[in-house]
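This report concerns only the one structure given below.
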Amino acid sequence: MGLIAALAGCGGTTSGPSATGTTSGSGKESSSRQSDSATRPAADGKALIAYFSQTGNTKTVADIIAQQTGADEFRIEPATPYSDDYDTLLEVAQQEKQDDARPAIADTIDNLDDYDVIYLGTPIWWYEEPMIIRTFLDDYDLAGKTVAPFCTSGGSSCDRFVDSLTEREPDVTILDPLQVNGSSAADSADDVTAWLRDNRLI
Ligand SMILES: Cc1cc2nc3c(=O)[nH]c(=O)nc-3n(C[C@H](O)[C@H](O)[C@H](O)COP(=O)(O)O)c2cc1C
């Protein structure tokens, strides 16, 4: 897919102020915890949804996952926010990619040990995850956890993100990813449900 076509799915929503920074759970236990772990091994534990979202699509999917699982949420936000100006964003993002940069994340997760399942969500930038996701993977050792990757894009798959995840976190169990087209994020509840069921997360 050409870049113009790839980028066409971007946007629609804007990134506003978020409740980011702390894990903000629903207070509700994950329904998965009530499951029989013998039949639902992937769901046997407390879950955190960690995601980056520049223009809101990935946040929309993250919120749907939270609604359906009761998992806590942590929004990965850059310490230096990206510009709302699209051309400037492209410029900065491309430079970060060229430099293999690790843009700092604004806040930290203090209780990662509490979680057995991590939903890791990202937009796809140039067929892969933005550098800030690599910062996250450098900052946190997910060894021993189950990671459920999800991505939103204009059509590109999550494959290269999952490859990168596999390389950077060799000691995690990685479930099949969920890809959602950014423009359909708000309508993805059924796809999310099917994905959660397929992965025995609900
Ligand atoms: C810098 C940049 C690069 C992108 N590269 C791709 C791409 O390679 N393939 C694709 O399908 N979409 C691409 N997109 C579109 C986004 O992946 C898509 O709009 C996504 O849903 C945005 O998620 P967000 O709203 O959570 O930030 C790109 C968007 C941006 C801003």
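Amide H contacts under 5 Å for GLY121: ALA50, TYR51, PHE52, PHE150, restricted to partners 5 or more places along the chain or on a different chain, H placed in the peptide plane at 1.01 Å from N. Projected label points at ASP159 and ASP190, each 7 Å from Cα along the beta carbon direction, are separated by 2.7 nanometres. Taken along the Cα-to-beta-carbon direction at a fixed 7 Å, the label points for ALA101 and TRP126 span 1.1 nm.
State, to one decimal in nm, how far the label point of ALA79 lies from the label point of THR108, with both points 7 Å from Cα in the Cβ direction. Between ALA79 and THR108, the simple spin-label model gives 1.1 nm. For segment 80-131, the solvent-accessible area of protein heavy atoms averages 53 Å² per residue (probe radius 1.4 Å; ligands and nucleic acids excluded).
The values are calculated or read from the model by the stated rules, or taken from the named source; none is laboratory data. Every value quoted in this text rests on a predicted model; they were computed, and no experiment measured them. Note that each Cβ is placed from the backbone with ideal geometry, even for glycine, and that neighbours are counted across all protein chains shown. Note: accessible area is taken over every heavy atom of the protein model, side chains too, but ligands, DNA and RNA are not part of it. Shrake-Rupley method; radii C 1.70, N 1.55, O 1.52, S 1.80 Å.
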